[in-house]
1. Out of all the residues in segment 282-304, is one or more under 27 Å from residue 374 (Cα atoms) and at pLDDT 95 or above?
2. Can you name every residue in segment 142-162 that is out of contact with any Phe, Trp or Tyr (no Cβ under 9 Å at 6 or more places or on another chain) and closer than 23 Å to residue 225 by Cβ?
3. Checking residue 51 against (1) open to solvent by less than 70 Å² (accessible area, probe 1.4 Å); (2) at pLDDT 95 or above, which single condition isn't satisfied?
4. Is there any pair linking a residue in segment 166-179 that is under 14 Å from residue 90 (Cα atoms) to one that is open to solvent by 60 Å² or more (accessible area, probe 1.4 Å) and of a type outside the set (Asp, Glu), with Cβ under 6 Å and at least six apart or on different chains, and which?
5. Taking strands (runs of 3 or more DSSP E) that fall entirely within segment 101-214, which contain at least 1 residues that are open to solvent by 50 Å² or more (accessible area, probe 1.4 Å)?
6. Taking only segment 285-301 into account, find how many residues are surrounded by 10 or more Cβ atoms within 10 Å (Cβ to Cβ) and either within 21 Å of residue 259 (Cβ to Cβ) or of a type in the set (Lys, Arg) (or both).
7. State whether the residues of segment 189-204 include one that is under 29 Å from residue 20 (Cα atoms) and within 22 Å of the chain's Cα centre (by Cα).
8. When you go through (1) open to solvent by less than 70 Å² (accessible area, probe 1.4 Å); (2) at pLDDT below 95; (3) closer than 30 Å to residue 376 by Cα; (4) of a type in the set (S, T, N, Q) one by one for residue 247, which number turns out not to apply?
Amino acid sequence: MSSLKGKHIVLGITGGIAAYKSAMLLRLLIKRGAEVQVVMTPAAKEFITPVTLSALSGKPVVSEFFTANTGEWHSHVDLGLWADLMIVAPATASTLGKMANGIADNMLVTTYLSAKEHVMVAPAMDLDMYASSSTRRNLATLASDGVEIIEAAEGELASHLVGKGRMAEPEEIVARVDRFFSRSGEMSGMKVALTLGPTYEKLDPVRFIGNYSSGKMGCAIAEECASRGAEVTAICGPVSVYPSHPNIRVVKVESAAEMHAEAMKEFPLCDIGILTAAVADFRPETCAGHKIKRENDEEMTIRLVRNPDIAAGVGAKKKEGQTLVGFALETDNAFANAERKLERKNLDMIVLNSLADKGAGFRTDTNKVTIFSRGGGKREYPLKSKREVAADIADAIVEYREKRQTDLE
């Protein structure tokens, strides 16, 4: 049975020559059993008619906020609540910019801003527009907001130039949609506990020792697991953006000691524990009660003491049937150090990323990882958005648990 059967999909179409492909995409979605509502920008009507799309979908096409002759209001809020998925294909540079910056001047963008479920975009434009810094910045913003980017392909464009900017083929988009829905319930009934972000270790009321972790990778993993049906508890260090999903409960902490206390409370109750936080190994022995003044001192000595090891602590208490996943960020001997950490802390899997890889590590929207599994499994992945990396990690966890269950049987 198709994973699309009975699913509600909003198909957004914008004003680019690739709009002709949207008719085929619509037809394929309908054939797979989906119920599709088309939302067009006014410019899209210059490339493909609403009559064609309405005939294929069996529904009137929505383009304006209201029907001029009757005054019938088209509610973007209702569409956002109705949809199980929204796809914008093709997505022009103009629409990507409006989506990324919340410029709600047409029905399509207001529907996107009201969408409660997953959103995919398939960009299509000329090669120079696609490569421009503004387009790349808007795509990065959308990716960090949780939008799945279906990268454009290379080939001959409408300008007759050859390069990257062609909308992905309808069959590829449908495959991504099918993959999304087939994953959506595979963690149902599972409890996931996850740590993310940095920890801050106070020196005085205004200063701390910390690190560069943004928490983006952990947020992406928390939201990915939640989208697959898991009940997620996210223990978050001080980050600027927290994970957001109805299935996620956020617990806010600041120091390593606070994160350790919450982890030791939550991890014994979970089916899957994921340790993405960049926890400070040491903290100041004392914290001044007032701001430390420089005065005439030429130097200051700070005595540090060791913080509790969260990974080792939850690993020591791991129960039968639990899966624990750690993270490692290494600057040298990366593979060997990661494998040692996997065994030493009684983890089932460990995700390695290296500061040596451009685009990976802290404060980026991309990452490049290698996943090690207990028993010698190792899988290397290319540089991807952190949203895509989160999906790869969730896939690896599900696969590991299924294999372990099969082995037990």
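The values are calculated or read from the model by the stated rules, or taken from the named source; none is laboratory data. Note that the coordinates shown come from a computational prediction; the quantities given were computed from them, not determined experimentally. As a convention, Cβ positions derive from the backbone with ideal geometry for all residues, glycine included, and neighbour counts pool all protein chains shown. For accessibility, only protein heavy atoms count, side chains too; no ligands or nucleic acids. Shrake-Rupley method; radii C 1.70, N 1.55, O 1.52, S 1.80 Å.
1. No.
2. 142, 143, 144, 145, 146, 149, 150
3. Residue 51 satisfies all of (1) open to solvent by less than 70 Å² (accessible area, probe 1.4 Å); (2) at pLDDT 95 or above except (1).
4. Short answer, once both residue conditions are applied: 170/24.
5. Of the strands (runs of 3 or more DSSP E) lying wholly inside segment 101-214, those with at least 1 residues that are open to solvent by 50 Å² or more (accessible area, probe 1.4 Å) span 153-156, 162-166, 191-196.
6. 3
7. No; the residues of segment 189-204 include none that is under 29 Å from residue 20 (Cα atoms) and within 22 Å of the chain's Cα centre (by Cα).
8. (3)
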